[in-house]
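The values are calculated or read from the model by the stated rules, or taken from the named source; none is laboratory data. Predicted, not measured: the structure shown is a model, and the values here were computed from it. Methodologically, a virtual Cβ is constructed for each residue, glycine included, from the backbone with ideal geometry; neighbour enumeration extends over all protein chains shown. Please note that ligands, DNA and RNA were not included when accessible areas were found on the heavy atoms of the full protein model with its side chains. Shrake-Rupley method; radii C 1.70, N 1.55, O 1.52, S 1.80 Å.
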Amino acid sequence: MRLASLRVAGVALRGSGYPNATNTLRYLRAAGVRIVDQADWLPEGLHLWKALRASPRAKIVLYVRLLFGNAFSAWRVVVASRRERLITYVPYPAIFLLWWLSWFPKALRPPLVADAYISIWDAAVRDRGLLGGGRWSDRLLRRLEARALRVADIVLVDTTANREWMIAEFGLAPDAVSAVPLAIDDDALLSLPLPPARAPLRVSFIGTLVPLHGIEVLIDAVRHVQQPERIIFRFIGDGQDAAKVERAMAEGIAGLSWERPWQDHEAIIAALGESDVSLGVFGGAAKAARVLPFKLYLALAAGRTVVTQPDFSLPEGVPTPPFLTPRADPTEIASGLLALSADPDACRAAALAGRSYYQQWLGARGVLKAWQGVFERLPAQ
């Protein structure tokens, strides 16, 4: 890697829900990049989607910190750049700092790399319905995000489909948007032993239960199976479609358990360690087909067989992963899982191939290769 220095700025998210920035910086430090960390890191347990459903007081505190904390950070970046003009990395949610910086002349701004893996507007309005489509707040947030992202010299997203969507939705320059792998804390995951050949097959679903996960499709697949001597299902997570899981649990579907409270990183690792198969998303086209969910990075690194729909996207230059890809159809998913339960060797082979794929393309090696490309596209320091 071409060695460089990197300033980190803005009010930033971290922790198990937002691991990308801190792990990216960890990888870069290990590669010899000098990190000047001036970020204002939010508490590790904070999740934006939960905070936006919190009490009015809690929301006001968060809004004030995002808006005015980033105003201070913008001023600090401009002042610091007069002394040392460093490439500046803005972790997620980058748009608030970028919006403030958009009011400064370009000559006063350093080269900016923005973490925009998840569109704030898309997640808040389309995924979670927090603002309501068509309202003034919806339109205002979309305009704010578009203006902010156009300030960045390089906008980082997670997949090529999201790259094309961001370019079209926010009017970004195509050469300013790069699709790069997410960075996760994978040490404990990579040390997990591969699952043994055993019965029943243990299948986990971990997620925030947004519509793109296709939770209704998965519940119908569990209904089709209902053979706990062959397969048991464990759902972990809470969110928008939780009522659908509640109804399934009230039915008493055989072989299904649900842990509703969101788990921390260590608990998720433990849950994966107890699983043989990890379910991805089955939300069909549109948003579900644009993503490679964070949880699939975890499952690949853990050496668990991944079963997900065939429609997904990947970072640039990354080949197709060794997923098992039934259509988003309950009968097809159920048949595929029952076939796995009857063939432990095939399940183990898919798990091993997935871990090797992760290490080659999505782990530290893939992240550093992507950042090498970022440094090469920006002015030498």
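Can we say Arg234 is more than 26 Å from Trp361 (Cβ to Cβ), touching a Pro at 6+ places or on another chain (Cβ under 8 Å), touching a residue at least 40 places away in the same chain (Cβ under 8 Å) and not acidic (Asp, Glu)? Give the derivation first.
Values: more than 26 Å from Trp361 (Cβ to Cβ): yes; touching a Pro at 6+ places or on another chain (Cβ under 8 Å): no; touching a residue at least 40 places away in the same chain (Cβ under 8 Å): yes; not acidic (Asp, Glu): yes.
No.
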TODO: Check Asp220, Asp185 and return the single one that is within 23 Å of Arg14 (Cα to Cα), among the charged types (D, E, K, R) and touching a residue at least 60 places away in the same chain (Cβ under 8 Å).
DONE: Asp185
Open item on the list: Checking the conditions here, which among Ala183, Ala173 is modelled with pLDDT of 95 or more and buried (at least 22 other Cβ atoms within 10 Å of the Cβ)?
Closed with: Ala183
Task: Any hit, segment 342-351, residues being surrounded by fewer than 17 Cβ atoms within 10 Å (Cβ to Cβ), of a type in the set (A, V, I, L, M, F, W, C), free of Cβ contacts under 8 Å to residues at least 12 places away in the same chain and in a helix (DSSP H, G or I) - done: yes
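List the helices (runs of 4 or more DSSP H) inside segment 158-230, counting only whole elements, that have at least 2 residues being closer than 24 Å to Glu266 by Cα. Don't jump to the end; show me each part of the working.
Working: elements: 160-170, 187-190, 215-225.
Correct list: 187-190.
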Task: For Glu316: the one exception among (1) open to solvent by less than 60 Å² (accessible area, probe 1.4 Å); (2) over 25 Å from Val225 (Cβ atoms) - done: (1)
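Limited to segment 191-219, what total is found for residues that are more than 19 Å from Gly237 (Cα to Cα) and open to solvent by 50 Å² or more (accessible area, probe 1.4 Å)? Outline the logic, then answer.
The first filter runs over segment 191-219 and keeps only residues more than 19 Å from Gly237 (Cα to Cα), leaving 191-201.
Right, trim to open to solvent by 50 Å² or more (accessible area, probe 1.4 Å) and you get 191, 193, 196-199.
So the answer is 6.
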Open item on the list: Condition first: crowded, with 22+ Cβ neighbours inside 10 Å, of a type in the set (A, V, I, L, M, F, W, C) and farther than 20 Å from Pro344 by Cβ. Can you find one or more residues in segment 226-234 that meet it?
Closed with: no
Open item on the list: Restricting to segment 70-127, count the residues that are in a helix (DSSP H, G or I), open to solvent by 20 Å² or more (accessible area, probe 1.4 Å) and either modelled with pLDDT of 95 or more or more than 18 Å from Trp165 (Cβ to Cβ) (or both).
Closed with: 13
- [ ] Looking at (1) part of a strand (DSSP E or B); (2) in contact with a Pro (Cβ under 7 Å, 6 or more places away or on another chain), find the lone condition where Val306 falls short.
- [x] (2)
Open item on the list: Exactly one of these conditions fails for Lys59: (1) at pLDDT 85 or above; (2) touching a helix residue (DSSP H, G or I) at 6+ places or on another chain (Cβ under 9 Å); (3) outside any loop (DSSP other than H, G, I, E, B); (4) open to solvent by 40 Å² or more (accessible area, probe 1.4 Å). Give me its number.
Closed with: (1)
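Count, please, the residues in segment 14-25 that happen to be modelled with pLDDT of 90 or more, surrounded by fewer than 23 Cβ atoms within 10 Å (Cβ to Cβ) and either farther than 12 Å from Pro91 by Cβ or not hydroxyl-bearing (Ser, Thr, Tyr) (or both). Step through it out loud before you land on a result.
Of the residues in segment 14-25, the ones modelled with pLDDT of 90 or more are 14, 19-25.
Narrowing the set further to residues that are surrounded by fewer than 23 Cβ atoms within 10 Å (Cβ to Cβ) leaves 14, 19, 22-23, 25.
Among the residues that remain, those that are also either farther than 12 Å from Pro91 by Cβ or not hydroxyl-bearing (Ser, Thr, Tyr) (or both) are: 14, 19, 23, 25.
Residues in segment 14-25 being modelled with pLDDT of 90 or more, surrounded by fewer than 23 Cβ atoms within 10 Å (Cβ to Cβ) and either farther than 12 Å from Pro91 by Cβ or not hydroxyl-bearing (Ser, Thr, Tyr) (or both): 4 in total.
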Open item on the list: Among the residues of segment 255-270, are any part of a loop (DSSP other than H, G, I, E, B), without any contact (Cβ under 8 Å) to a residue 40 or more places away in the chain and open to solvent by 60 Å² or more (accessible area, probe 1.4 Å)?
Closed with: yes
